[in-house]
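Just below is one structure, and these are the notes that go with it.
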Amino acid sequence: MLDPIEIPRVFGVPLGQDFSRALYDGLKASFEPMAPTDVACVEIYVNTRRMQRHLTSLFHQGDALLLPRIRLITDLAQDAVGRDIPPAIAPLRRRLEVAQLVKGLIDADPTLASQDAAIDLADSLVALMSEMQGEGVAPETVANLDVTDQSGHWQRALSFIQLVQQFFVDDRLDGEGRQRHVIETLVERWADAPPNHPVIVAGSTGSRGATSLFMQAVAKLPQGAVILPGLDHDMPAHVWDMMEQKKGGEDHPQYRFKAFCDALGIRPSDIRTWGDKTKINVARTGLISLSLRPAPVTHQWINDGPDLGDLGEATKGITLIEAPTPRAQADAIAARLRQAVEDRQTAALISPDRMLTRQVTAALDRWDITPDDSAGLPLQLTAPGRFLRHIADLFCEPLDAERLLVLLRHPLCNSERGNHGLHTNALELEVRRNGPPFPTDESLTNWADGTKDKHPDRVAWVHWIGATLLNLKDPRPHELGTFLDEHVKISERLAAGPNTDGSGELWKKGAGREAFRLMSELRTHADAGGVMTARDYRQLVGSTLADGEDRDRDQGHPQVLIWGTLEARVQSADLVILAGLNEGTWPETPTPDPWLNRPLRMRAGLLLPERRIGLSAHDYQQAVCAREVVLSRAVRSDEAETVPSRWINRLTNLLGGLDEKGGPAYLDAMRERGQHWLTLTASIAAPPFTVDPAPRPSPCPPTDVRPDRLSVTQIKTLIRDPYAIYARKILGLNSLDSLAHTPDAPLRGTIVHKVLERFVKANIDPTNAGAAGALLAIATDVLEERCPWPAVRALWFARIASFTPHFLAEEQKRRAYSANVDTEIRGELKLANLPFTLTGTADRIDMSNDGEALIYDYKTGKTPSPAQQKYFDKQLLLEAAMVERGAFTALGSVRTKAAVYIGLGSDLKDQSAPLNDETPDETWARFEGLIAKWMDPSKGYTSRSANEIVSFEGSYDHLARYGEWDETHDAVAQDMT
């Protein structure tokens, strides 16, 4: 099959060719004179599973023949080349073993790191160990590095690195280490007895040490060959020679090929072409090659730029999209993919930005197009993954209302969905309105008992919830197997439902099966996990699920493909879209190494950060030479301006400087083609018709539906934002309380009111030496009852303690001339000439020694000024008028001596109502006139009529369509009869 030659046999598929098709065409031509049995003996090693499937499918499309053996290079780690190489340790078991060692080290010296970082440090340490095994770097090499110029950080790092020294012996190797041992064994064996059948390595760049060693060995075989993807034939020999690691050449796209050829002792002229060069756009490959020259590039552009081919031919298939936002970029890409489907093109979107690819997938959904995504969906984002993670959270955090409803509304919860949704809706309304923030078995049972007449099965339903989800938080460490058994048991019970055995839909479908596989793998290796905390377990489950993926190969559209950069190296499409071309995204920012910096890595012989940039550059160079290509980036991210990718910068700068060859004009044409898609997506997103902004509403309902009862606190709302009264009292729209109960200002006010109410009702003498202690004891009890957040309890207790001396001092003054009648007194008063009732609840009413009422209202926030009370916040003024008219039956009809806001906020300032400026009789007369106006059917409930501040956010602003109008617009009356 392969002609004998004196030098290692290396081929290169030129840039601009479809690697898979070129490889297949060359192999097919070579197989024609061979016997079928000889073809079946050929071994072909490729670098990805997708490449393996694609090459096999190409052979299936041709004439009938026996297929060659198509394998993955990574499959070498599983080869049984000798009994002296034990099987590799499972990756998960290795992570668990190293995590145990890291925890032990941190326990011995807590200054090294926090226990919460143990699993992350273990994962990073496993990655370093795997890299060392793959590159053939012994632990002694790292331990003996010269670190005289390094800081004390090295000693801490070395203490961790020495932990894994035991894993470098033959019976403790991981996959990378065993793969290298297998390759070294094959190299030794082939030196004496080379295989008598062809062995080909195709599509790999040899970026890792073990892979490069295998490729070198194959290239030297009598019937061996290496086929490199995307070889740049336009790069001059002197540029090839100047690429050296010490000079920073490793970030060049062709550097890996240079290093591979140097290891074999061959020159670029010794690399033979595999494929048909006549199908290549040589003008494009020449332009891209020049733009990517190693630095310094300016003089090379000046010297070699005029010798480039036709720039029109080079750029006619390139579109440059410079979108204003990431969303606009995703929409433009989706539109271009939609056009490719219409034109019956195969289109591939290539990007390392998974957020962008998901945005594009979402944008394609408007046309019912599901792309074939090679990465699938991370398992942690699938329904089973989220379900399992939510339950793992309950081992670390108490079950609050939000977590409970998230689980109950999950599509995998309760296989009997009939009444489950009805019960869940009712429970959500209950916990929103009445709480508690942290449901208990008692609160759930009391609620169910109150509704069992209408829903007799609800009691059993809440018992199922209580038995399954309550009291799972446990701060004690447990064995990993204990956590796993409990986790799986709870998950299956919750998925099955109260009346069903089994596991419901949890482990079904692709994502469920993958989740079951990973959880089963965890159980298999649980003995290596040792004892851990609930937080460690949650982190372990999350990282394990993140390693899985859910991908249905038959679900995606056959013409719309999403590839990672690895898949793109060896495949092509009619249309190639390179997206996310910004610095930090493509190329990605190198991940910080917690163990070895760049100089130490170079001395040890490990991979440098530039390697990843060089591989990304090669992916870009290979993809951009496709026949039709779209280069896309977002000018801004969500927070700031972005920096274009260095490769885009180089290409645009090179074209912009080639004035004599028309470079700027061709660059403008590339941008115009990109702007076409941005304009198209803007028109798609725009509504098909013009919608006039809504007017400022002022609905005028008939008198008989207007509210005939309001509280004194709602009068302020009636004056400032009448539309809120309309929405709540007439339309019957009540805003839902937040599901996530938080320790907010209203709750703090309620607690302070309750504390002072109990203190006053207990008739504790404020002059007594133990009064402060008694008040704080009451505060402790109330906080324990109503504030389930320990940290907030401590904070609010301190605030109560801070105003206690001031309150007791003022209380002594109040008790000197008055006595308390009652607290939280409810009263109501009907208007004489109108069908309207005013209601109110006074925080506290005292009776002075001369028989006059004293009205008090506790205020933990800012107290309203006299002017605000006179015109807007009329609560105390109205309560005073109600007292004098006998609205509070416990008092009868008495004169109001004073009405005071007792300030308990930051300034501890009391504020009296302006009874001298506006007497209760005047207040009541004005109030009757106000209500008379509101009973007029021509009077509209204007939205935001007299807000105190423009930034006020009303509960019904969305209903009033605020934003389409503002306070400068006149209200438009709307007859609602």
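The residues of region 825-834 that are in contact with a helix residue (DSSP H, G or I) (Cβ under 9 Å, 6 or more places away or on another chain) and surrounded by 13 or more Cβ atoms within 10 Å (Cβ to Cβ), listed by number, are Gly827, Glu828, Leu829, Leu831, Leu834. Among the residues examined, Thr591 does not qualify as in contact (Cβ under 8 Å) with a residue 24 or more places away in the chain and of a type in the set (Val, Ile, Thr). Output yes when any residue across region 333-342 is in contact with a Ser or Thr (Cβ under 9 Å, 6 or more places away or on another chain), in the same structural domain as Ser616 (by TED's automatic domain parsing) and either free of Cβ contacts under 8 Å to residues at least 40 places away in the same chain or more than 25 Å from Ser616 (Cβ to Cβ) (or both), and no when none is. The answer is yes, given that some residue of region 333-342 is in contact with a Ser or Thr (Cβ under 9 Å, 6 or more places away or on another chain), in the same structural domain as Ser616 (by TED's automatic domain parsing) and either free of Cβ contacts under 8 Å to residues at least 40 places away in the same chain or more than 25 Å from Ser616 (Cβ to Cβ) (or both). The combined condition, being modelled with pLDDT of 90 or more and closer than 24 Å to Gln380 by Cα, is fulfilled by Asp536. Within region 510-541, the set of residues being more than 25 Å from Arg476 (Cβ to Cβ) and surrounded by 15 or more Cβ atoms within 10 Å (Cβ to Cβ) comprises Gly510, Ala511, Gly512, Glu514, Ala515, Phe516, Leu518, Glu521. Quick one: would you say Thr544 is in a loop (DSSP other than H, G, I, E, B) and either of a type outside the set (Asp, Glu) or crowded, with 18+ Cβ neighbours inside 10 Å (or both)? No; evaluated as a whole, the condition is false for this residue. Annotation note: Cβ proximity below 6 Å between a residue of region 58-75 that is touching a residue at least 24 places away in the same chain (Cβ under 8 Å) and a residue that is assigned to a loop (DSSP other than H, G, I, E, B) and among the hydrophobic types (A, V, I, L, M, F, W, C) (sequence gap 6+ or interchain) occurs for Phe59/Leu67; Pro68/Val42. Here the condition is being touching a residue at least 12 places away in the same chain (Cβ under 8 Å) and over 30 Å from Pro920 (Cβ atoms); of Leu829, Leu878, Leu808, Leu838, it holds for Leu808 alone. Here is a list: Val218, Val226. Which entry is in a strand (DSSP E or B) and touching a residue at least 24 places away in the same chain (Cβ under 8 Å)? Selected residue: Val226, the only one of Val218, Val226 that is in a strand (DSSP E or B) and touching a residue at least 24 places away in the same chain (Cβ under 8 Å). Which pairs turn up if I take residues in region 92-112 that are under 15 Å from Gln165 (Cβ atoms) and look for partners that are hydrophobic (A, V, I, L, M, F, W, C) and not in a helix (DSSP H, G or I) with beta carbon separation below 7 Å, at least 6 apart in sequence or on another chain? Cβ pairs passing all conditions: Leu105/Leu112. In region 220-230, the count of residues that are surrounded by fewer than 20 Cβ atoms within 10 Å (Cβ to Cβ) and under 40 Å from the mean Cα position of the chain (by Cα) is zero.
Among the residues making up region 779-821, those that are within 28 Å of Lys897 (Cβ to Cβ) and buried (at least 16 other Cβ atoms within 10 Å of the Cβ) are Phe803, Thr804, Phe807, Leu808, Glu810, Glu811, Arg814, Arg815, Ser818, Asn820, Val821.
Only residues that are free of Cβ contacts under 8 Å to residues at least 60 places away in the same chain and assigned to a strand (DSSP E or B): list them for region 547-579, please. Selection gives nothing. Counting only helices (runs of 4 or more DSSP H) wholly contained in region 415-529, the ones carrying 2 or more residues that are outside the structural domain of Val98 (by TED's automatic domain parsing) and in contact with a strand residue (DSSP E or B) (Cβ under 6 Å, 6 or more places away or on another chain) occupy 509-524. Taking region 290-399 and the strands (runs of 3 or more DSSP E) fully enclosed by it, the elements with 1 or more residues that are among the acidic types (Asp, Glu) are at 318-323, 371-373.
A residue that is under 51 Å from the mean Cα position of the chain (by Cα) and either modelled with pLDDT of 95 or more or aliphatic (A, V, I, L, M) (or both) occurs somewhere in region 906-923.
To keep it simple, each residue is scored yes or no on (1) at pLDDT 95 or above; (2) over 22 Å from Ile778 (Cβ atoms).
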{"position": "Arg793", "(1), (2)": "no, no"}
{"position": "Glu810", "(1), (2)": "no, no"}
{"position": "Lys813", "(1), (2)": "no, no"}
{"position": "Ala832", "(1), (2)": "no, yes"}
{"position": "Ile845", "(1), (2)": "yes, no"}
{"position": "Thr863", "(1), (2)": "no, yes"}
{"position": "Gln869", "(1), (2)": "no, yes"}
{"position": "Ser893", "(1), (2)": "no, yes"}
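From the list Asp692, Asp704, Asp765, Asp708, the lone residue that is of a type in the set (D, E, K, R) and under 41 Å from the mean Cα position of the chain (by Cα) is Asp692. Considering each residue of region 259-271 in turn, none proves to be outside the structural domain of Pro609 (by TED's automatic domain parsing) and closer than 20 Å to Val42 by Cβ.
Filter region 741-787 for residues that are among the hydroxyl-bearing types (Ser, Thr, Tyr) and either part of a helix (DSSP H, G or I) or in contact with a His (Cβ under 7 Å, 6 or more places away or on another chain) (or both) and give the result. Correct list: Thr750, Thr780. Selection of region 6-60 for residues being assigned to a helix (DSSP H, G or I) and within 17 Å of Gln622 (Cα to Cα) yields Phe19, Ser20, Arg21, Ala22, Leu23, Met51.
More than 30 Å from Lys28 (Cβ to Cβ), over 38 Å from the mean Cα position of the chain (by Cα) and either at pLDDT below 95 or surrounded by fewer than 21 Cβ atoms within 10 Å (Cβ to Cβ) (or both): does that describe Gly248? No. Identification of strands (runs of 3 or more DSSP E) wholly contained in region 628-731 with 1 or more residues that are more than 30 Å from Val950 (Cβ to Cβ) yields 628-634, 709-711.
Entry remark, region 872-891: residues being under 15 Å from Arg844 (Cα atoms) and not β-branched (Val, Ile, Thr) number 11 in total.
Number of residues in region 960-973 that are among the hydrophobic types (A, V, I, L, M, F, W, C) and either modelled with pLDDT of 95 or more or under 22 Å from Thr690 (Cβ atoms) (or both): the value is 3. Among the residues of region 682-702, those identified as at pLDDT below 95 and of a type in the set (Ser, Thr, Tyr) are Ser683, Thr690. Residue-level analysis places Ala80 among those that are in the same structural domain as Ala219 (by TED's automatic domain parsing) and surrounded by fewer than 17 Cβ atoms within 10 Å (Cβ to Cβ).
If we keep just the residues of region 874-906 that are of a type in the set (D, E, K, R) and touching a Ser or Thr at 6+ places or on another chain (Cβ under 9 Å), which is nearest to Pro746 (Cα to Cα)? The selected residue is Lys874.
The values are calculated or read from the model by the stated rules, or taken from the named source; none is laboratory data. Note that the structure is a prediction, hence the values are computed from the model and not measured. Note: ideal-geometry Cβ built from the backbone for every residue, glycine included; neighbour counts use all protein chains shown.
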